[in-house]
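Written out below as structure tokens is the structure these notes cover.
Read-outs: derived from the displayed coordinates by stated rules, not from any lab. Please read all numbers here as calculations on a predicted model, not as lab measurements. Backbone-built Cβ (ideal geometry, glycine too); neighbour counts: all protein chains shown.
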Amino acid sequence: VELSLIEDSSDNKELHKLISNHYEYTRSPLAKRILDNWNLEVNRFIKVMPIEYKKVLQEEKMEALKKKIANVEFDY
């Protein structure tokens, strides 16, 4: 597996949403503290991703980009 900090804005938003939902359902004091101090607390989280899954995601992203480029019409 690969370990990394939460640096991507979409990962940051997703994690914030998950913790916000957890707080709404449970009123957890820990979730509240994390949300109240988000800019500091987010740095305590570690993203764990299987290497093979990351490769699949990168390949899908590359294929989508190739399709997008193939559909661009050039005006010369």
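Overview of results
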item: Helices (runs of 4 or more DSSP H) (entirely within the chain) containing at least 1 residues that are surrounded by 10 or more Cβ atoms within 10 Å (Cβ to Cβ) and β-branched (V, I, T); result: 9-26, 29-36, 51-70
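Condition check ((1) on the phi < 0 side of the Ramachandran plot; (2) out of contact with any Pro (no Cβ under 8 Å at 6 or more places or on another chain); (3) touching a residue at least 12 places away in the same chain (Cβ under 8 Å)) across all residues:
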{"residue": "S9", "(1), (2), (3)": "yes, yes, no"}
{"residue": "S20", "(1), (2), (3)": "yes, yes, yes"}
{"residue": "R27", "(1), (2), (3)": "no, yes, no"}
{"residue": "L30", "(1), (2), (3)": "yes, yes, no"}
{"residue": "R44", "(1), (2), (3)": "yes, yes, no"}
{"residue": "K61", "(1), (2), (3)": "yes, yes, no"}
